[in-house]
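J.: Got a structure for you, written out below as C-alpha cells; questions coming shortly.
The values are calculated or read from the model by the stated rules, or taken from the named source; none is laboratory data. Note that this is a predicted model, so its numbers are computed, not measured. Note that each Cβ is placed from the backbone with ideal geometry, even for glycine, and that neighbours are counted across all protein chains shown. Heavy atoms of the whole protein, side chains included, go into the accessibility calculation; ligands, DNA and RNA do not. Shrake-Rupley method; radii C 1.70, N 1.55, O 1.52, S 1.80 Å.
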Amino acid sequence: MPPSRVSAALARARLGVTSIVFFTVAAAAPETVVGGGAVSGFAVSGVTGIPLGYLAIALILGLFAIGYVTMSQHVENAGAFYAYVAKGLGRVAGTAAGGLALVSYLMILASLLGGYGVGAAAFVHQVSGVAVPWWLLAAAGLALIAVLGVLRIDVNGRVLGVLLLAEVAIILVYDAAFVSAPSDAGVVLDTLNPAQLMTSAAGVILVIAFTGFIGFENSTVLAEEAKNPRTVIYATYISLVVIGGLYSLSTWAMTVATGPGDIVSQAETHSTELLFVLAGDRLPGVLVTIGSALYVTSLFAATLSFHHVCARYFFALGREGVGLRWWGTTSARTSAPAAGSLTTTGIVVVVVALVAVTGIDPITYLFFWGASVGALGVLTLVLLTSVAVVGYFIREHDHGHGRWRTAVAPALAALVLAVVLVLTVTSFGTVLGVPDGDPAAWALPLGFVVVLALGAAWGAVLKRFRPEAYARIGMGARATTVQAEAEPADVH
C-alpha cells in the first residue's frame, strides 16, 4: 500500500493513558537500566550513591514536567522538543533543537540495538552453548522492529505492554529476594544518604541517573495520537513516578544484597551479570533464566519505543518542510509515519554495520558510550524546553494557567537542569570511564555544539530562502494550512 500524503497525518485518538505509559516506561527499559546501566555506573564511576541519584533526578524532572505538560495542552506536535523550543524561543532555535533531538535519539536507538544484539547473543549461548554473532541477532531484532514500526501504533502499545509488565514483575521478585536475604551489613540506607550529593561525585551520580530516565519525555511525542490532552498529562506523571520509584528501589536492593561497601567491587567483577549472580544466590535457577530472557526483551522493547520516537521526529520535520518532504508521509493503511520509520531503520543499519566491521567493542562504544552521549543531548533539550515554556507563556497571555505552572516551576527547573548539565559536562570523562585528558571527554560534548550550530544555520537558510517552510516550523498538524505567521516576540 503506498503511503498517503501528509494531509492524512497520524492516527488520531488511538492511545489511552495506559498505552502511553507502556511506551514511555518501556523506552526507559527498567531491567536494562537496573541490570545494565546502574551496574555499569557503579563499576565505571566507583560511587555508591546511584540509588539516591534516581530519586533526585525524579524530583528534578517532576519539577520540569509541571511546565512541560502544561505547554502540551497548547502545542500538539510529534516532534515535541523541537516544536516546544520553536514556539517558545523562535523558529531558528527550533531547527537547532530538531537537529539535536534527531542526533540524540538516533544515538540512543543505535546503542540500545547494540546492547540487544550482545544481550541476545549471550542468552543464546547461555541456554544452548551456540555462539552467534551479536550483529546477526541485532539485525534480526531490527528487522522485526522495522515491521512493527509501520503497523498501527496501538498494536505496538500492546506488544510493549506485555514485555514491560513481565520485566517489572521479575525485577520486583529480585528486589524482594535481595532485601529478605541481605549481606552481613544488613538492610541499611547508606546509598540513599543525601550527603552524597554534596560531594565531588554529585555530577557523576546525577548524569548516570539521568541516563536511566531517557524516554520519560516521550509521552508528548505521542500527543497527536492520544485520546485527549489530559491523557498525556496523566501518562507523564505516572511514568515518572513508576520509573523513579522502581529504579531507586531496585538499585538500593542490589546494594543491600552486596553490602554498600562492596557494590562497586562486585559490579567491577561481574559487570552486567551482577543482577543475575545475586538472584542466583537466592532464587531458583528458572527465575534467573527468565530474568535473563526478560533483560533481552527489555532492550528490544526500549529499541522499539525509541524507533517510534525517531520516526515521529522525522515525520514532524518532513511535514513542516524542515527536512525531506517524503519524511512527512504516512501509511494509508495504518497511519504510521512509514517514511520516517524506514529512514530510521536505514540509519541504524549503517551504524551497527560500521561497529561490526571495525570490530570495536559494541558494549563499551555503542551501548554505553552511545547511551551516555545521547543522554547528554536529551539533557540539553530538556533544559532548552524549560526555558521555552517560560518564553511561550510570556507571549501567550490568555492561557488560563497560574504563574507557578507557566513561569516559576519551569524557571526553577531550568536553573537546576543548568547545574546538572554543567556537572555532567565537567565530569563526562568519568562517566565514559576514560583517563584524564582523553579527548573523548570534551570532543563528544563539543559535537552537540556543532549540531546545534548547524541546525540553527539551517533555520536561518529557511528563513531567507524558503519563507513558507520557515513559517510552518513548530505548527504540527496545522503546518499545511500555514502561509506566514509572526515570529515569537524576539524571545530567540
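J.: If packing is taken as the average count of other Cβ atoms within 10 Å, what order do 343-350, 320-327 fall into, highest mean first?
T.: So the order, starting with the most tightly packed, is 320-327, 343-350.
J.: Suppose R0 equals 45 Å; then what is the FRET efficiency for Gln73 and Asp438 from their Cβ-Cβ distance, rounded to the nearest 0.05?
T.: Values: r = 45 Å, r/R0 = 0.99.
Here the calculated transfer efficiency is 0.50.
J.: Let me ask something else about it. Only four residue types carry charge here, +1 at the Cβ of Lys and Arg and -1 at the Cβ of Asp and Glu. Report the dipole size of the chain about the Cα centre in Debye, rounded to the nearest 20.
T.: Dipole about the Cα centre, nearest 20: 1880 debye.
J.: To continue, here is another question. What is the angle, in °, between the Cα long axis of helix 409-426 and the longest principal axis of the Cα atoms in the chain? Nearest 10 is fine, range 0 to 90.
T.: So the inclination is approximately 60 degrees.
J.: Students often check this: by mean Cβ neighbours within 10 Å, which of 37-45, 119-127, 461-469 ranks highest, and how do the rest follow? Spell out each step's value before the answer.
T.: Numbers: 37-45: 24.6, 119-127: 18.0, 461-469: 14.1.
Ranking, from highest mean packing down: 37-45, 119-127, 461-469.
J.: If we restrict to alpha carbons, what Rg and Dmax does region 127-243 come to, in Å?
T.: 19.7, 52
J.: Residues in region 364-386 near a label at Val277, defined as backbone nitrogen under 19 Å from the 7 Å Cα→Cβ point?
T.: 364
J.: Then there is this: Using the Karplus curve 6.51 cos²θ - 1.76 cosθ + 1.60 with θ = phi - 60°, what ³J(HN,Hα) values do you get for each residue of region 269-275, in whole Hz, with x for Gly and Pro?
T.: So the J values, rounded to whole Hz, are 6, 9, 6, 6, 8, 4, 3.
J.: Can you run phi through the Karplus equation (6.51, -1.76, 1.60; θ = phi - 60°) for region 20-26 and list ³J(HN,Hα) in whole Hz, with x for Gly and Pro?
T.: 5, 4, 4, 4, 5, 6, 4
J.: How do Thr406, Thr297 stack up against each other in accessible area, from largest to smallest, with a 1.4 angstrom probe?
T.: Thr297, Thr406
J.: Further, regarding this structure: Please list the non-local residues whose amide H lies under 5 Å from the amide H of Ser331, H modeled 1.01 Å from N, same-chain partners needing a gap of 5 or more.
T.: Ser4, Ala336, Ala338
J.: Additional query: Tell me whether region 157-303 comes out rounded, prolate or oblate; compute the Cα gyration tensor, take square roots of the eigenvalues as a ≥ b ≥ c, and use a/c under 1.5 as the rounded threshold.
T.: Since a/c reaches 1.5 but b/c is at least a/b, the shape of region 157-303 is classed as oblate.
J.: Another question about this same structure. Rounded if a/c is under 1.5, else prolate if a/b beats b/c, else oblate: with a ≥ b ≥ c from the C-alpha gyration tensor eigenvalues square-rooted, which is region 174-240?
T.: Oblate, since a/c reaches 1.5 and b/c is not below a/b.
J.: Using just the helices of the chain, give the 222 nm mean residue ellipticity in deg cm²/dmol: DSSP H runs with n ≥ 4 each add -39,500 (n - 2.57), and the total is spread over all residues, rounded to 500. Don't jump to the answer; show the numbers that get you there.
T.: Values: 18 runs with 328 residues, N = 492.
About -22500 deg cm²/dmol.
J.: Can you give the accessible area of His399, probe radius 1.4 Å, in Å² rounded to 10?
T.: Here the accessible area works out near 40 Å².
J.: I would also like to ask the following. Determine, for each peptide in 240-246, 228-234, 362-368, 84-90, the mean count of other beta carbons within 10 angstrom over its residues, then list the peptides with the highest first.
T.: On the way: 240-246: 19.7, 228-234: 17.6, 362-368: 21.9, 84-90: 28.1.
My ranking of the peptides, most packed first, is 84-90, 362-368, 240-246, 228-234.
J.: Averaging sequence separations of C-alpha pairs under 8 Å and six or more residues apart, then dividing by the length of the chain, give the relative contact order as a whole percent.
T.: Dividing the mean separation by the residue count of the chain yields 35 percent.
J.: Compute the distance from the alpha-carbon center of region 121-171 to that of region 292-369, in whole Å.
T.: 14
J.: Would you mind working out the magnitude of the charge dipole of region 259-378 relative to its Cα centre, with +1 at each Lys and Arg C-beta and -1 at each Asp and Glu C-beta, to the nearest 20 Debye?
T.: Dipole of region 259-378, to the nearest 20 debye: 720 debye.
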